[in-house]
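Down below is the structure, laid out as structure tokens.
Throughout, read-outs are computed from the coordinates displayed, never taken from laboratory work. Here the structure is a predicted model, which means the values were calculated and not measured. All Cβ positions, even for glycine, are placed from backbone atoms using ideal geometry, and neighbour counts span all protein chains on display.
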Amino acid sequence: MKAVIYDAWGGADQLRIDERPMPEPGSGEVRIKIRASSVNPIDWKIREGMFECLFDYEFPIIPGWDAAGTIDAVGSDTPGWQIGERAYAYCRKGIAHD
């Protein structure tokens, strides 16, 4: 899949498009084929390193945790979610990374 990523703290010049492996949903997770996403003020503040000491991270990081689209894969233990359903999500995991 294509994704915008960054490998170091800094300005918008750190952003680049890269090919990343398609993630597989784990237990209790779904994968959403993204149709729309957003980058809000927290995303550029994180990219600039303003919150480096407040959360765990690993480079590269994919910015933009708000997303909407259609579920295209479900992990185990996901009752009530089906492939083809529309969904929106706050996609942040416990660690910021790709």
Quick one: Val39 ticks every box in (1) under 12 Å from the mean Cα position of the chain (by Cα); (2) of a type in the set (Val, Ile, Thr); (3) closer than 28 Å to Pro79 by Cβ except a single one, so which number is it? (3)
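Listed here are the residues, each with its yes/no results for (1) more than 18 Å from Ala89 (Cα to Cα); (2) not hydrophobic (A, V, I, L, M, F, W, C).
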| residue | (1), (2) |
| --- | --- |
| Asp18 | yes, yes |
| Glu24 | no, yes |
| Val30 | no, no |
| Lys33 | no, yes |
| Ser37 | no, yes |
| Trp44 | yes, no |
| Gly49 | yes, yes |
| Glu52 | yes, yes |
Would you be able to tell me the number of residues in segment 1-33 that are in contact with a Cys (Cβ under 9 Å, 6 or more places away or on another chain) and without any contact (Cβ under 8 Å) to a residue 40 or more places away in the chain? 0
Pick out, from segment 1-89, the strands (runs of 3 or more DSSP E) lying fully within it that include 2 or more residues that are surrounded by 13 or more Cβ atoms within 10 Å (Cβ to Cβ). 2-5, 30-38, 66-74
